[in-house]
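The values are calculated or read from the model by the stated rules, or taken from the named source; none is laboratory data. Since we're looking at a predicted model, the values are computed, not measured. Glycine gets a Cβ as well: all are built from the backbone with ideal geometry, and neighbour counts include every protein chain shown.
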Amino acid sequence: MKIRYIILIFISLSVYTVYSQLPYPPDNDIPFKKFDTLCYKIKFDKGDTLIYNVFSFDSISINFDKPLKRIRLEKYRAICEKVDKNNRYHLRIRLIDFKAKESYDTIQNKETFDSPWLNRDVYLILDSLGDRYYSSQNDTSNYAMSPGGAFQPIFFLPFLRSCKPINSTWLVQSTDTLVENGCPIPYMKQVSLFRLHPIADTLGWKCAKLEYVKSGEGVVLTSKAGVDMNVSSIINSYGEYYISLDRHIPIYLYATVEQKLTIYLPNHRKQPGTHHISAHFTLERFAKAKSTNHKNVK
């Protein structure tokens with residue numbers, strides 16, 4: 001009986017020791033911690049116009065050659081042309097200005113102001129959570145890629161959750177048509193882990209901050225445009241995405257991308273490549289549609 005009593009005391013002490021080492025030991029007097037829930041979305045009216053500046057750094061190496069380094073400054077215009085009965089937004093997006101400085105080997109800071117992607121309209125239909133339903137281009141006969149390539153960061157990205165507790169995380173999986181990045185259209189299958197941060201003041205706007213890490217695989221079939229070459233890519237990315245809580249528009253995106261490329265050439269030849277991008281997307285101007293009661297802002 002005495003031995004049994006000693007064993008019971010030993011078990012009780014062991015259980016107490018285990019509980020005392022937990023980060024939050026059980027205590028009926030400690031209330032459950034409550035998390036504030038934040039709701040966010042994208043919303044446009046017909047006629048809304050947004051101008052974004054994109055400032056980017058590139059480092060590109062093909063077949064282990066010395067890297068081509070670039071500093072890019074681009075300006076994009078997005079116009080909401082229609083809001084359909086399902087509250088999906090029909091956007092027309094155009095690169096309206098571009099300049100870059102390029103350095104390769106002994107050539108340093110060569111300036112360029114032209115891109116085959118300038119002034120080409122692309123069309124995108126998305127919902128309030130960034131999910132894409134349709135995309136097209138006004139010129140599908142001429143091959144061209146955006147200055148940042150087929151898999152540069154996109155500004156209208158799917159986040160697929162509208163209300164989440166602050167500091168919570170969620171997964172997003174999608175297959176995206178990157179219509180704003182080139183012709184033929186690049187495709188990317190991706191999975192992202194998002195995290196919602198506390199409300200942040202960004203560029204004078206009160207914003208929801210969505211942080212993400214992304215892994216994906218992309219492909220662009222340039223042979224469809226008469227170029228005897230196809231490109232696939234393994235993509236890892238990190239981003240911080242800010243959405244206005246008052247106007248419900250994307251305000252700012254910081255994104256880094258690491259791409260491992262495989263370029264498929266004729267006669268079953270292929271070459272490896274890498275492309276690193278660091279990009280800042282910033283809203284320069286937002287003009288509300290004239291048909292609404294809101295005045296133009298920013």
In region 52-98, which residues are β-branched (Val, Ile, Thr) and farther than 14 Å from residue 148 by Cα?
62, 79, 83, 93, 96
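Results for (1) in contact with a Gly (Cβ under 7 Å, 6 or more places away or on another chain); (2) at positive phi; (3) at pLDDT 95 or above, shown as yes or no for each residue.
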{"residue": "23", "(1), (2), (3)": "no, no, no"}
{"residue": "29", "(1), (2), (3)": "no, no, no"}
{"residue": "33", "(1), (2), (3)": "no, no, no"}
{"residue": "47", "(1), (2), (3)": "no, yes, yes"}
{"residue": "51", "(1), (2), (3)": "no, no, yes"}
{"residue": "55", "(1), (2), (3)": "no, no, yes"}
{"residue": "61", "(1), (2), (3)": "yes, no, yes"}
Among 243, 234, which is the only one that is crowded, with 20+ Cβ neighbours inside 10 Å, modelled with pLDDT of 95 or more and either part of a helix (DSSP H, G or I) or aliphatic (A, V, I, L, M) (or both)?
243
Pick from 220, 213, 191: which is among the β-branched types (Val, Ile, Thr), more than 27 Å from residue 45 (Cα to Cα) and at pLDDT below 95?
220
Residues in region 138-182 that are polar (S, T, N, Q) and in a strand (DSSP E or B) total 5
Within region 194-212, can one find any residue that is within 20 Å of residue 147 (Cβ to Cβ) and part of a strand (DSSP E or B)?
no
List pairs: first in region 170-188 and touching a residue at least 60 places away in the same chain (Cβ under 8 Å), second of a type in the set (Ser, Thr, Tyr) and crowded, with 22+ Cβ neighbours inside 10 Å, Cβ under 6 Å, 6+ apart or cross-chain?
182/146
Can you confirm whether residue 75 is surrounded by 14 or more Cβ atoms within 10 Å (Cβ to Cβ), over 21 Å from residue 254 (Cβ atoms) and modelled with pLDDT of 95 or more?
no
